[in-house]
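Colleague: Sharing a structure, written as C-alpha cells. Questions coming.
Just so you know, all these numbers are worked out from the coordinates, no wet-lab data involved. Computed from a prediction, not measured in an experiment: that's the story for all the values here. Because the Cβ atoms are built from the backbone with ideal geometry, glycine has one as well, and the counts that use them run over all protein chains shown.
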Amino acid sequence: MAANETPTVTAPVTSTAAPSARARAMEFIVKRHYLRPWEALPWVLVIAAYFIFPDRMTFGTQVLIGIMFALSLDLVLGYAGIVTLGHALFFGIGAYTVALLTARWNWGEPISSMLVAIVLSAAAGFASGWFLLRYRNLTLLMLTLAAAILVQEAGNYRSDITGGYDGVPGMEIWKLFGVFENDLYGRTYYVYVGVLLFVVWFVLRRIVYSPFGAALTGIRENVRRMHAIGSPVHLRLVTAYTIAAGIAGMAGALFAQSTAYTTLGVFDFDNSAKVMVMLILGGTGRLYGAFIGATVYLVLEDNLSKMSPTFWQFGIGLLLVLTVLFARRGLLGVIEDALKLFGRRSKS
Amino acid sequence: MTAALQVEKLNRSFGALAVTRDVDLVLERGARHALIGPNGAGKTTLVNLITGVLRPNSGRVLLNGDDITTVNQAERARRGLARTFQINQLFRGLSVLENICMAIGERDGENNNLWRPAGAKPSVIEEALDQLESLKLVDDALKLVKELPYGRQRLVEIAIALSQKPRVLLLDEPAAGVPSSESHLILDVVAALDPDIAVLIIEHDMDVVFRFAKEITVLVQGAVFTHGTPQQIMADEQVRAVYLGQEGLSGGAHHG
C-alpha cells in the first residue's frame, strides 16, 4: 500500500480523495487472491482429525470425498450459476470407471484408474454440457436430472455388465503405489484422499480467482450483459462444466476405491440432491461452503441415523429449511456474520 | 469510405406484427445519429437486431463493410459494436471496478485465462481505473453496483460499453430513469464521447437530441418515417403531426 501511495505524495495533489481511492481499489484487486491465514484452518482440521479420530478414518474419508464432490458442484452452481440436479452422473461415471476396470479388465491400480475416471467423466461433462448448457434454470434442472436417469437406466438395462443395483461384483483395488494397503481403519485412504482434495482445492482456487472465474461470476450475475460485451458464454459454461464433471468423477472414483463397492445407486437423484443440499447448507460460491456443508451434513447423517434409523432425514430437512429461511449465505455466512458482530463488540 | 454501420432493408415481425419494416440506416465513422419515434415504434427492437439479440427475417447489417447479419451477438461485440441497455444490465453483486474489468477482459481475451489471478495483470486494472476516472466514478470503484444510486449505475452502464473500445456505440435512452438533477452528468459524458466512435442514440428528450445529433431518423410503426438533419426534422410538419398526435412524448411536443 505504501508503495502505491508514494507517487501521489510527490505529485501536486488537487483532490486528495481521488488518488487514494484509486490506490485502494488497485490494492484490493491485486491482493484479492492472496491466501488469508484462516484459509489454513480447514487443512489444520483435516490433519487434526487424523490424530483425534484414528478409528473413524473410513468415515473421515467419506467426508473428504463429500467435500470434493461439493467443491465440484460449487464451480458450476455457486460460481457460474448453472443449476443442475444431475451432478451424480459424473460421480457415478467416475465410480463405475474404477469398478469396471477392476471387475472386467482386472485393472485395480488406483491412481491410473482414477485418472481414466477423470478423463471419462470430464468427457461426459463436455458432451452433455455442449447440448444442455444452451438451456437455463428449470429446463436445465430437468434436463440434467434426465441425463443422470438415462445413464442409470442404461446401466440397469445392461446389469450383466454393471451388476445393477446389487453392485459390481469382485472389485479388487490394488495397493497404493504398490506399497500401501488400505488398512482396516481406512487411514491410508484418508491420507490419499486428503492429499488429492488439497490438489483439487488448489486448482479450483486458482480458477475462481482467475479472469475466467470472474467471467463465470459475470454469467451468473447477468448473462445478457456478458453476451453484449462479447463473452463466448456457451464455451465458458461448457469449460466450467467439464472441469466440474472431471472433479466429480474423481470423487466418484475415490468413493469406489475406498469402499471397494459400487452400485447403480451412485447415479440416484438422491445423490445429486444430497450434494446440492450440502453446498447450500455450507454456502455457495465460496469454496469453503463445500467444506462446512459436506462435513456438517455427513456428521449429522451419521449421528442422526444412529439415533433414529427411520427418521434421521427430518433433522437434515429442518436444518436446510432454517438455513434457507434465515441464512441465505449458508453456515459460512452465519459464521462470517457472527465474527463481524464479535469483532464490533470487542472494538467498542 | 465504408460506413461504420449500415442497415439495409431490415425486416422483423413477431407473428403477424411487423415491428421492423424495410429499415435503412447508415452511420458514418464518427456519426452522431439520433433515433426518435413514438413509444412502440420499434426503436429498441432495431437496436436488438443490430446487436444480434434478435435475428431479422430479411435484410442485412454491415459493420465496417462486413456482413454481420448471421454473426452472433458476442462476435459482433468483439468486432467493435457496443451498446447500453434501456434498463440497466449490470453485474449488480460485483464492484464497479470488476464490472469494468469484465468488459476489458472479454475484449482482449484475458478472460480465457483460467490460471493467472485476475489481480496479477495491473494493465487491465489500470485501464479500468482510467476509465472510471474519466467518468468521475473512481471513488465508487470498490462499491457494489447495487449500492450505487440509479444515476451512477447508468454511468457504469456507459463505462462498460466504452471499455469495449467500440467503433460503433448504441445508446438506448442513456438518461432513462435518472432524476433530472443528475441527467446532465450522463449527457455531458455522451457529449464528450470520442469523435471517432459512431454513435446511435435513442432518446425521448428532444432538447438532448437536437443538441447532440447531427442526423436524425424518425421511426414510426417500425418503418423509417423520415430522416435528415436536426433543422430539417424540426421544420418537418409531418414529424410534428406524428409527435403532437402522440401522448407521453411531452419533450417532443414541447419542442415542436
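Colleague: If you plug each phi of segment A:213-221 into the Karplus form 6.51 cos²θ - 1.76 cosθ + 1.60 with θ = phi - 60°, what whole-Hz ³J(HN,Hα) values come out, in order, with x for Gly and Pro?
Modeller: Residue by residue, segment A:213-221 yields x, 4, 5, 4, 4, x, 5, 5, 6 Hz.
Colleague: Dividing the convex hull volume of the alpha carbon atoms of segment B:107-256 by its residue count, what do you get in Å³ per residue?
Modeller: 147 Å³
Colleague: Quick check: the angle from helix A:288-307's long axis to the longest principal axis of chain A, C-alpha only, nearest 10 degrees?
Modeller: Once rounded, one gets 40 degrees.
Colleague: Show me A:119-126, A:156-163 ranked by packing, highest mean number of other Cβ atoms within 10 Å first.
Modeller: A:119-126, A:156-163
Colleague: Could you work out [θ]222 nm for chain B from helices alone, using -39500 (n - 2.57) per DSSP H run of at least four and dividing by all its residues? Round to the nearest 500 deg cm²/dmol.
Modeller: -10500 deg cm²/dmol
Colleague: Continuing with this model, one more query. Evaluate Rg over Rh across segment B:89-163, taking Cα atoms for both radii and Kirkwood's formula for Rh.
Modeller: Details: Rg = 11.7 Å, Rh = 12.3 Å.
In segment B:89-163, Rg relative to Rh is 0.95.
Colleague: Using helices alone, I'd like the mean residue ellipticity at 222 nm for chain A: each DSSP H run of four-plus residues gives -39500 (n - 2.57), total over residue count, nearest 500.
Modeller: Result for chain A: -24000 deg cm²/dmol, rounded to the nearest 500.
Colleague: Stick to Cα atoms and the Kirkwood definition of Rh, then tell me Rg/Rh for the protein assembly as shown. Please report the intermediate quantities before stating the final value.
Modeller: Values: Rg = 28.8 Å, Rh = 27.2 Å.
Ratio value, two decimals: 1.06.
Colleague: Okay, moving on. For segment A:147-211, state which GluC sites (Glu not before Pro) are in a DSSP loop and have at most 14 other beta carbons lying within 10 Å of their beta carbon.
Modeller: Listed in order of number, the matching sites are A:Glu172, A:Glu181.
Colleague: Loop only per DSSP, at most 13 neighbouring Cβ atoms within 10 Å: give me the chymotrypsin sites (Phe, Trp or Tyr not before Pro) in segment A:171-260, ordered by residue number.
Modeller: Loop-located and lightly packed - A:Phe177.
Colleague: Spin-label point model (7 Å from Cα, Cβ direction): what's the A:Glu27 to B:Lys9 distance in nm?
Modeller: 6.3 nm
Colleague: Inside 10 Å of the C-beta atoms of B:62-75, what's the mean count of C-beta atoms belonging to other chains?
Modeller: Across B:62-75, the average partner-chain Cβ count within 10 Å equals 2.
Colleague: Here's something else I'd like to know. For the pairs A:Lys340/B:Lys143; A:Lys175/A:Lys306; B:Lys43/B:Lys214; A:Lys31/B:Lys165; A:Lys274/A:Lys306, flag any whose C-alpha to C-alpha distance is greater than 23 Å.
Modeller: Cα-Cα > 23 Å for A:Lys175/A:Lys306; A:Lys31/B:Lys165; rest within.
Colleague: So how far, in whole Å, is the C-alpha centre of segment B:143-164 from the one of segment A:39-103?
Modeller: So the separation of the two Cα centres works out to 40 Å.
Colleague: Using the beta-carbon distance between B:Asp22 and A:Ala146 and R0 = 45 Å, what value does 1/(1 + (r/R0)^6) give for FRET efficiency, to the nearest 0.05?
Modeller: The computed FRET efficiency comes out at 0.50.
Colleague: Using DSSP, restrict attention to beta bridges with both residues in the protein assembly as shown and report what percent are antiparallel, rounded to the nearest 5.
Modeller: 55 percent
Colleague: Then there is this: Mind checking the mean number of beta-carbon atoms from other chains within 10 Å of the Cβ atoms in A:214-223?
Modeller: Working: counts 11, 9, 2, 5, 10, 1, 3, 10, 11, 1.
If you average over the peptide's residues, the count of other-chain Cβ atoms is 6.
Colleague: For chain B, calculate the relative contact order in percent as a whole number, restricting contacts to Cα pairs under 8 Å that are 6 or more residues apart. Mind showing how you got there, number by number?
Modeller: Numbers: 461 pairs, mean separation 69.2, N = 256.
For chain B, the relative contact order is 27 percent.
Colleague: Same structure, new question: Once the principal axes of the Cα atoms of chain B are found, what is the range along each, listed largest first in whole angstroms?
Modeller: Principal-axis extents of the Cα atoms in chain B, largest first: 59, 42, 37 Å.
Colleague: Sorted from largest down, give the three principal axis spans of the alpha carbons of segment A:221-273, whole angstrom values.
Modeller: Principal extents (Cα only, largest first): 49, 19, 15 Å.
Colleague: Further question: On C-alpha positions alone, give me the angle between the axis of helix A:233-259 and the longest principal axis of chain A, in degrees, nearest 10.
Modeller: It is inclined by approximately 50 degrees.
Colleague: Something else about it: In peptide B:82-89, what is the residue-averaged number of other protein chain Cβ atoms found within 10 Å of each Cβ?
Modeller: 3
Colleague: May I ask for the angle, rounded to the nearest 10°, between helix B:96-107 and the longest principal axis of chain B, with both axes built from Cα atoms and the value confined to 0 to 90°?
Modeller: Around 80 degrees separate the two axes.
Colleague: To continue, here is another question. Which trypsin sites (Lys or Arg not before Pro) from segment B:21-76 combine a DSSP loop assignment with at most 13 other Cβ atoms within 10 Å?
Modeller: none
Colleague: Please report, largest first and rounded to whole Å, the three semi-axes of the ellipsoid equivalent to chain A, where each semi-axis is the square root of five times an eigenvalue of the C-alpha gyration tensor.
Modeller: Numbers: eigenvalues 292, 121, 85 Å².
Values for chain A, descending: 38, 25, 21 Å.
Colleague: Give the Kirkwood hydrodynamic radius (Å, one decimal) of segment A:95-232, defined as one over the mean of 1/r across all pairs of different Cα atoms.
Modeller: Details: mean 1/r = 0.0546 Å⁻¹.
After inverting the pairwise mean of 1/r, the radius is 18.3 Å.
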